[in-house]
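What follows is calculated from the coordinates using simple rules that are stated; it is not laboratory data. All values derive from a computational prediction rather than experimental measurement. A quick note on method: Cβ atoms are made from the backbone with ideal geometry, for glycine too, and the neighbour counts reach across all protein chains shown.
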Amino acid sequence: MSNSHTGLAVRMQRFLEHWGVVVAFVLLFAVSALKQGGDFLSMENFRNLLNQNAAVGILAVGMTLVIVSAGIDLSVGSMVVLAAAVGTTAMNGLIGAGWSEPSAVISGVVLTILAGTAAGSLNGALIVFGRIAPFIATLGGLAAFRSIALAIAEAGEIRSQSPTMFSALGRGGIPLPFAENSAGKALTISWSTVIFFAVAIAAQWFLSRARFGRQLVAIGANETAARYAGVPVAWIRFRVYALMGAFAGIAGLVQSSRMNSVSTSQLGLGSELDAIAAVVIGGTSLRGGFGRVWGTVVGVLILGMITNILTISGVSPYWQGAVKGTVIVLAVLVQRGSRA
Amino acid sequence: MESQSSTRGGGAVTTPVPHMGVRSVTVEYPGVRALDAVTVDFHAGQIHAIVGENGAGKSTLMKVLSGAVAPNAGELLLNGQPTVLRGPRAAIRAGISMVHQELNLVPTLSVAENVLLGREPTLLAGIAVDRRRQQDRAREVLSMLGAELDLSCAVSELSIADSQYVEIAKCLASEAQVLILDEPTAALGEYEARKLLNLLRRLRDEGRAVIFISHHLDEVVDIADQISVLRDGRLVAQFTRNSAGVLQSADGTIANEDTLAHAMVGRELGSIYPVKGTARPGSDAAIELIEFGAVGRSSGISMTVRPGEIVGVAGLVGSGRTETAEAIVGLRRAAGEIRVAGRTHAFAHPRAAMRAGVAYVSEDRKGRGLHVSLSCIVNMTLPSLDAFSQLAGARLDDVKERSVTARWINELAIRCARPGLAISSLSGGNQQKFVLARWLETRPNVLIIDEPTRGVDVGAKAEIYRIIAALAQEGLACIVISSELPELIGIAHRVLVMRKGSVAGEVTREHLSQVGCDERIVRIASGLSADRQGTS
Ligand SMILES: Nc1ncnc2c1ncn2[C@@H]1O[C@H](COP(=O)(O)OP(=O)(O)OP(=O)(O)O)[C@@H](O)[C@H]1O
Ligand SMILES: [Mg+2]
């Protein structure tokens, strides 16, 4: 309720609702800097933070779009491993069949993203045409997609057979002219970080400035009203899940090229929760109809920093989940206000 | 109309204690002062009507009375004592209950559950709901209203009018001493509205204070013991019924539809209905329905609408008008044939209908017509989004979006301080204008409007009628579904009357200009023969 008697408290609440995530980021940043001294403030450290979180970040960006449409995708982690397993296996097969390394790697990259898109489209089809609730349909995907990946590799690891190119994708990057790392070499910003930011910027644009985003918001805010207004609800919802699959494929690519291998039992495990957490921390409403990709990006960094701080402070990994959980709940409480 | 003199309670004659009142209440929102130092008293045993233009502050005043809005200045009196109501629950405890302008029901719960929401009769010391008593109580309250509803039906299945009954029943079930009803009759047909007004009279005679808002000035004059007129957040006139039964203001003006309208808008209003144009002679049908119907709701409907023609559709609540319209644009399963400009279509989706130039404006503005949480601009452009798309949809032309929205705000005189704010911050009537505007922006050839002026003030009504008539002159084929007979008679070239899912009769242009045609329509709608002689 608007009321001038409550001026300051209300304004404070509004401010936190909108900018709370940035405030939290700055606070955590300060805490990290104090804990680690100058080391933390180095470009290199920041680069590593981005690197480590790029894959989850890409998932979280896609998840933002899904959640804006009042949906959810629990299968992202399994789509990551499935896409990576399919792509890497195909690439290895092509190299074995005598293809040149560049053409095999390019085919592998394309197939990884296609496999992700296919998995996402299956989710979309079940949800839109099968009329299965997104939570249930993608819960099925969570179990099924990883199991297919496990079957492909017999639960083992798929090592990339590309001697140099594939891993160059994961480990290489753009050198920054003005920065050096601790060993005195030019600091590079990795391809995975570049992809993360490119995807985030594109998604933010599409969400706030393009027709697709507008229609997603309309569907998330009130699906019936969207249908009455002539929004092609089924097609848009299908597309957002397919797109999520493509994003999972890209995340799978980032991960498998960084490791130069795919561990079918470990890759992407539990990352659906990290992705959803980042979205929620970033201020996107789980009810749909409102979202912001930039918030999600900050949310990803917040989660990454928390992990770093806890690790450096020697907190047992077993306890880290509890801390993260607390942060997520706090984020929701602070941002609840008028929206949630 | 019911004779009033027989039922007027003693309340108006003996000087009653003020039951409730506001003193110099002011409410401010960003960019607007919704209420500006308003002082009014509400008495037990009286019906107090509030009238005013869209956005005048009527709903805001009611929200202050029911604790939903805290005023920025001024105070609330309850039995003479200054009171602060902290939220609607506090108001309910104080015996004040309100029916809001927009529906606030839980769609997944049943009628009975909604009626007794928050005051369920319980069993076993409060751990279980007593279903039987819940049903009995709900039935009792609904029968006071004269509404026959299936108690176990989910509210999402109900029409707007029936949902409105449930809202009112919810309010009655609270047995509050002060009943506040914000445009309770807007969603009802004439017959249903009359039943409700009779009930309000009964409640008043039991000694309760009844406060209600309406844009139907005839019913206001008919029923109110006191009328307060708001304009731009200020109380500009008050009429009180004197011992002779005449509603009179302090300066001696007698309240009737004209004087009230004058007080509301501050100027003279001429005839609100524009001159009827003519349908284009000899032109082909813009839309033709052949043995059409919404599966399970209506059937066997054949009609033709030509460019330039305005066809009214009358009928009682539940006669299948809305369902048929929804079936035309692909929102429901349809049977039969639709031809648009000579070509046969079967629309699977409103989008397909829109491509063929057929638009449907829903009657349910909160649930289906608008996205209440989104901004005015987003709401405005959603149906015609393709026209704002650049680069295959990768960019929306936000400059054009803003200018189109501003144009309609201007054209329909919509009160909207900031188009970037959520549309829920607009008053109900102004939201209604937006619903219409967004569909006109799609430039349809065939426009189906369901209750075009629900909750719209007299001045704005005239404006909407003028726009519809002008578009018809330019060749728009228009189907107007309405429960307001004067409206249909005033703007339509002919009126189809629906009853129980099929067309029961048609009133032609010649008949529409004759006196007594409203009675004729009502007779057809209720299944009597069109002419009085026929039944005697
Ligand atoms: N939550 C809000 N935020 C901003 N402005 C608001 C809000 N609620 C109401 N207003 C503004 O206050 C003014 C009065 O609104 P109110 O709903 O009281 O009008 P009303 O008299 O009930 O109109 P109607 O006949 O259309 O229902 C309007 O200009 C409206 O835009
Ligand atoms: Mg109102």
* Asked: So for chain B: antiparallel DSSP bridges make up what percent, rounded to the nearest 5?
  -> 60
* Structure fact -> Fewest-first ordering of B:Cys517, B:Cys153 by Cβ atoms within 10 Å yields B:Cys153, B:Cys517
* Asked: Relative contact order (percent) for the stretch A:36-335, with alpha-carbon contacts under 8 angstrom and 6 or more residues of separation?
  -> 33
* In terms of modelled amide H atoms, which long-range or inter-chain residues lie less than 5 Å from the amide H of B:Tyr360? -> B:Ile448
* Using a cut-off of 10 Å between beta-carbons, work out the net charge of the residues near B:Arg131 (Lys and Arg +1, Asp and Glu -1, B:Arg131 not included). => -2
* **Net charge of neighbours whose Cβ lies under 13 Å from the Cβ of B:Tyr165, counting Lys and Arg as +1 and Asp and Glu as -1** => -2
* **q = 0.14 Å⁻¹, chain A: log10 I(q)/I(0) [Debye, one scatterer per Cα]** => -1.16
* Structure fact -> Averaged over residues of B:354-366, the number of beta carbons from other chains lying within 10 Å of each residue's Cβ is 1
* Compute the relative contact order of chain B as a whole-number percentage, counting only Cα pairs closer than 8 Å that sit 6 or more residues apart in sequence. => 15
* Asked: What is the stretch A:5-111 by shape, rounded, prolate or oblate, if you read a ≥ b ≥ c off the alpha carbon gyration tensor as root eigenvalues and call it rounded for a/c under 1.5, prolate for a/b larger than b/c, and oblate otherwise?
  -> oblate
* Asked: Over the Cα atoms of the stretch B:379-536, Rg to Rh with Kirkwood Rh, two decimal places?
  -> 1.08
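If you take the beta carbon distance between B:Ser502 and B:Thr344 as r and set R0 to 25 Å, what does 1/(1 + (r/R0)^6) give as a FRET efficiency, to the nearest 0.05? Show your work: numbers first, answer last.
Details: r = 22 Å, r/R0 = 0.86.
Efficiency, rounded to the nearest 0.05: 0.70.
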* **Span-like helix ranges in chain A, DSSP H, alpha carbon extent 18 angstrom or more, Kyte mean at least -0.5** => A:7-36, A:43-68, A:76-96, A:101-128, A:134-152, A:191-209, A:233-259, A:293-312, A:317-336
* To do: Based on alpha-carbon positions alone, could you give the equivalent ellipsoid semi-axes of the protein assembly as shown from the gyration tensor, as √(5λ), descending, whole Å?
  => 58, 34, 24
* **Links that overshoot a 26 Å alpha carbon limit, given the list B:Lys195/B:Lys500; B:Lys276/B:Lys366; B:Lys63/B:Lys433** => B:Lys276/B:Lys366
* To do: Please report, to two decimal places, log10 I(q)/I(0) for the stretch B:102-175 at q = 0.12, 0.21, 0.26 Å⁻¹ as given by the Debye formula with identical point scatterers on the Cα atoms and no solvent.
  => -0.28, -0.82, -1.22
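Given charges of +1 on the Cβ of Lys and Arg and -1 on the Cβ of Asp and Glu, with all other atoms neutral, how large is the dipole of chain B about its Cα centre, in debye to the nearest 20? Provide the component values of the computation, followed by the final result.
Details: 58 positive and 60 negative charges, 164 e Å.
With Lys and Arg at +1 and Asp and Glu at -1, about 780 debye.
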